[in-house]
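First the structure, in the form of C-alpha cells, and then the observations on it.
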Amino acid sequence: MRRIPWDVLLALLAGLGLGLVYSWVISPARVTDAEPLALRPDFKDHYRSAIAAAYAATGNLPRAQARLSLLSDSDPIEALNAQAQRMLASGESLEQADQVAALASALNQGTTVEFTPTPFTEITNNIVTTSTSTLLTASSEVPFEVTETAKPNETQATLSAPTLRPTQTPIPTLGAPFTLTGQETVCDPNLPDGLLQVIVFDSRRRQLAGAKIVITWDSGEEDFFTGLKQELGNGYADFIMNPNTTYTVQLGAGSDIASGLTTSTCRTSDGETFFGGIKLTFQQP
C-alpha cells in the first residue's frame, strides 16, 4: 500500500487550517434578513418581549398574532407563558414579564382593544359646520368630528390631528378570581413529606402559568407561582408544609380560600409512618 508523503499531508492540513481561519475569523458568513424562526432561543425571547411591549402600547392583538406566527411556535400561548416564568425566575423586569403574560392571556381569551377618539377643529371661510368622518385603523373604526368656526375679518385654517387613546377592554389577569374545585389528601411515600401541591387551570381547563399563590400561617406568609416546574405542568406549584402547622391558601383577591391545611399521618405497606401532603385544584370560572 502506497503511503501519502508527509509533505503532501502537511500541505493538506495547513490548507484546511487556513480555510477554517479565513471562514470563521477573517471573513465569516453573515446572515441578513433571516426569518424569526431561525433565531436562537434567547433572541426569540427578545422578539416575543418586543411584540408584547408593542401590544401593551397599542392593544393591536391581530398584529401581535401575525408577528408571533413568524416564530412558528407549536403553541404560542404556552411559549409566552413559559417565557414569562423564565423571566420571573431569572429576576428580569417584572413589568416586561407582566407584558408577556398579559399577551398570552389576551391570546387565550381572544380579547380586542377599543380606542376613544378625540375631536379636532378646522377653521376656514367664516363658516361654522359640524360633520363626522370615519378614521380607519388596523383593528377598528373610530369616528371623529370636524368643526369649522368663523372669525371676523379673518380666514385661517388649522387642523390638529386626532389623538387616539387606547382603552383596553378588561383582560383577564393572572390574579382574577379562582374557584377551589378540588382538595384531597395525598399519601405517597415517594413524595416529600408534607408536600402541598397546587394546580391552577384557566376557564378553558388549560393549566395556567404565572398564577400567584399566597400561603399564610400563624407566624408567616409566602408567595409562590405556578409554572416554575414545567416538567410537572405549566399550572403546577408546590410548597413543603411543616408538621403541626396550619396553613391557608388563596389565589388573588376574591378567590376561594383553602383553610385548615395541615400534614396528615400516613402509613406505608410495612407499617412505617410518614407525613402526607395535600393536593389543591383551582380553576377560573
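Points to keep in mind about this one:
- Here the label points at Asp42 and Asp223, each 7 Å from Cα along the C-beta direction, are separated by 2.8 nm in the simple model.
- A Förster radius of 45 Å, combined with the Cβ-Cβ distance separating Thr185 from Arg30, puts the computed FRET efficiency at roughly 0.15.
- Heavy-atom accessible surface of the range 192-285: percent carbon and sulfur, 1.4 Å: 45 percent
- Protection proxy ranking of 7-15, 202-210, 237-245 - average other beta-carbon atoms within 10 Å, highest first: 202-210, 237-245, 7-15
- Surface share of carbon and sulfur [accessible, 1.4 angstrom probe, percent] for the range 1-70: 66 percent
- For Thr245, the residues whose amide H sits under 5 Å from its own are Thr263, ignoring neighbours fewer than 5 places away on the same chain, with H placed 1.01 Å from N.
- Chain lengthening between Ala66 and Ile4 when straightened (0.36 nm per residue, less Cα-Cα): 16.4 nm
- In order through the range 255-263: 3J(HN,Hα) via Karplus (6.51 cos²θ - 1.76 cosθ + 1.60), integer Hz, x for Gly, Pro: 7, 4, 10, 9, 10, x, 7, 8, 6
- Taking a point 7 Å out from the Cα of Glu272 in the direction of its Cβ, the residues of the range 177-204 whose backbone N falls within less than 13 Å of it are 189-191, 193.
- Accessible surface, per residue, of the range 32-79 when the full set of protein chains is kept, probe 1.4 Å, Å²: 57 Å²
- Label zone (Asp75, point 7 Å along Cα-to-C-beta; backbone nitrogen cut-off 18 Å) within the range 226-253: 226-237.
The values are calculated or read from the model by the stated rules, or taken from the named source; none is laboratory data. All figures in this text were calculated on a predicted structure; none of them were measured in a lab. Every residue, glycine as well, gets a Cβ built from its backbone with ideal geometry; the counts of neighbours run over all protein chains shown. Side chains are part of the model used for accessible areas, which takes the heavy atoms of the whole protein and leaves out ligands, DNA and RNA. Shrake-Rupley method; radii C 1.70, N 1.55, O 1.52, S 1.80 Å.
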